[in-house]
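Structure record follows, encoded as structure tokens.
The values are calculated or read from the model by the stated rules, or taken from the named source; none is laboratory data. Given the structure is predicted, the values throughout are model-derived calculations rather than measurements. Don't worry about glycine lacking a Cβ; one is built from the backbone with ideal geometry, like all the others, and counts go over all protein chains shown.
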Amino acid sequence: MSVAVMLSVLALAALPLLWSVLQRGHGDVDLTTTYKFDDDQYVFAFREFLIPVASVFFYNFQTMRSTGKFLGITGEGRIANNRAGAKIRKVSMMSYRDGEDPV
């Protein structure tokens, strides 16, 4: 199972409306990092290429909840540090054979 792909979809679903307005019409692939914290618990982070935004989330699949932070710089040059979290709902699963995980 590719946890990074599943968490990427969940993170995008949790983005606040503000960030989607700032990125209207733009599509890209961002840098992500995923660490397994414990069984069914993961730390997931992503960094944007085009705008100064990053986030760090803790996903707990035992309680089906996430919590984290969105970090960035506003148009006025101020630091934005916003809390975020969501209830998790698994919508799909992907499995890969050993040694065939996506890059």
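Quick notes on this one:
- Residue that is assigned to a strand (DSSP E or B), of a type in the set (D, E, K, R) and under 23 Å from Val91 (Cβ atoms), where the choices are Lys69, Lys36: Lys36
- Of all the residues in region 62-101, those that are surrounded by 12 or more Cβ atoms within 10 Å (Cβ to Cβ), in contact with a strand residue (DSSP E or B) (Cβ under 7 Å, 6 or more places away or on another chain) and not hydroxyl-bearing (Ser, Thr, Tyr) number 14.
- Subset of region 22-61 that is among the aliphatic types (A, V, I, L, M) and surrounded by 11 or more Cβ atoms within 10 Å (Cβ to Cβ) - its residue that is modelled with the lowest pLDDT: Leu22
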